[in-house]
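The block underneath contains the structure these notes are about, expressed in structure tokens.
The values are calculated or read from the model by the stated rules, or taken from the named source; none is laboratory data. Values in this document were obtained by computation on a predicted structure and should not be read as measured data. As a convention, Cβ positions derive from the backbone with ideal geometry for all residues, glycine included, and neighbour counts pool all protein chains shown. For accessibility, only protein heavy atoms count, side chains too; no ligands or nucleic acids. Shrake-Rupley method; radii C 1.70, N 1.55, O 1.52, S 1.80 Å.
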Amino acid sequence: MTLHDQTRRHPLFSAPEFRRRALNQNGGPVAKASREHGDHLLNPTLVDIAVGLRLKDAAVLVPVVDDGDEAKVILTQRTSNLRKHSGQIAFPGGGIDPDDHSPEVAAVREAQEEIGLDPAYVETLSRLPDYYAATGFRITPVLSVVKRGFELKLNPTEVAAVFEVPLSFLMDEANHQRGSRTWDGTERHFYMMPYGDWHIWGITAGIIRTLYERLYR
């Protein structure tokens, strides 16, 4: 069956088509591919700087909700009192604990703790290349499909709001703007994806850009 036939069978931005693409990623193996994707391409020295730091391993869940022909992606807004990335738009996730047997376990656990997403509704699929953050994290994005029927309960100490964005919007390159700002004496370039009142940028936009490059470009 050709790619065209597959897309006709499953609409392009449906959860079944996302699942198929997540399990058959373009761009080769995930290992050591971080430099080749997302806003790391806009900042050639970023990975080298981050690798030189004492990094903490973290994982985020990229939750794609099965919603018929038009899948949605769950995003959160972090509370303003958090020490790092306060107020920013993020995927559910956090540090990988010693008891977590894999990034998948950590990502699902964090999503349950942050927004009350029941693991019974979550199907983990695959990973994207690690995202190296100069703030001291090596982040593994875990791709997943989420069944409808879940109810969310936000942890008010970590999450101020939760919302959904159509996968088709995030996977449209026309919505990928570029910005820059000086950070620690160095100009940092990043992607921005404004959606309504939500300003998606930085790490989250970098991961979304990687998702686009590996699955939909």
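If I ask for residues that are over 15 Å from the mean Cα position of the chain (by Cα), at pLDDT 95 or above and hydrophobic (A, V, I, L, M, F, W, C), which ones from region 141-192 would you list?
Phe150, Leu152, Leu154, Val159, Ala160, Ala161, Ala174
Residues in region 109-152 that are charged (D, E, K, R) and farther than 21 Å from Asp97 by Cβ: how many? Full working, then the answer.
Our first condition is that a residue be charged (D, E, K, R); within region 109-152, this holds for 109-110, 113-114, 118, 123, 127, 130, 138, 147-148, 151.
Among the residues that remain, those that are also farther than 21 Å from Asp97 by Cβ are: 123, 147-148, 151.
So the answer is 4.
Of all strands (runs of 3 or more DSSP E) completely enclosed by region 139-217, which ones contain at least 2 residues that are open to solvent by less than 40 Å² (accessible area, probe 1.4 Å)?
Details: elements: 159-166, 177-183, 186-192.
Strands (runs of 3 or more DSSP E) meeting the threshold: 159-166, 186-192.
With respect to Phe150, determine if the residue is more than 23 Å from Leu211 (Cα to Cα) and among the hydrophobic types (A, V, I, L, M, F, W, C). Full working, then the answer.
Numbers: more than 23 Å from Leu211 (Cα to Cα): yes; among the hydrophobic types (A, V, I, L, M, F, W, C): yes.
Taking the combined requirement at face value, the residue satisfies it.
Determine, yes or no, whether Ser86 is touching a Ser or Thr at 6+ places or on another chain (Cβ under 8 Å), at pLDDT below 95, open to solvent by 60 Å² or more (accessible area, probe 1.4 Å) and part of a loop (DSSP other than H, G, I, E, B). Walk me through how you get there before you give the answer.
Values: touching a Ser or Thr at 6+ places or on another chain (Cβ under 8 Å): yes; at pLDDT below 95: yes; open to solvent by 60 Å² or more (accessible area, probe 1.4 Å): no; part of a loop (DSSP other than H, G, I, E, B): yes.
Spelling it out, it is not the case that Ser86 is touching a Ser or Thr at 6+ places or on another chain (Cβ under 8 Å), at pLDDT below 95, open to solvent by 60 Å² or more (accessible area, probe 1.4 Å) and part of a loop (DSSP other than H, G, I, E, B).
Just for helices (runs of 4 or more DSSP H) wholly inside region 1-79: which have at least 1 residues that are at pLDDT below 85, open to solvent by less than 60 Å² (accessible area, probe 1.4 Å) and under 30 Å from Asp197 (Cα atoms)?
Numbers: elements: 3-9, 15-23, 46-51.
Of the helices (runs of 4 or more DSSP H) lying wholly inside region 1-79, those with at least 1 residues that are at pLDDT below 85, open to solvent by less than 60 Å² (accessible area, probe 1.4 Å) and under 30 Å from Asp197 (Cα atoms) span 46-51.
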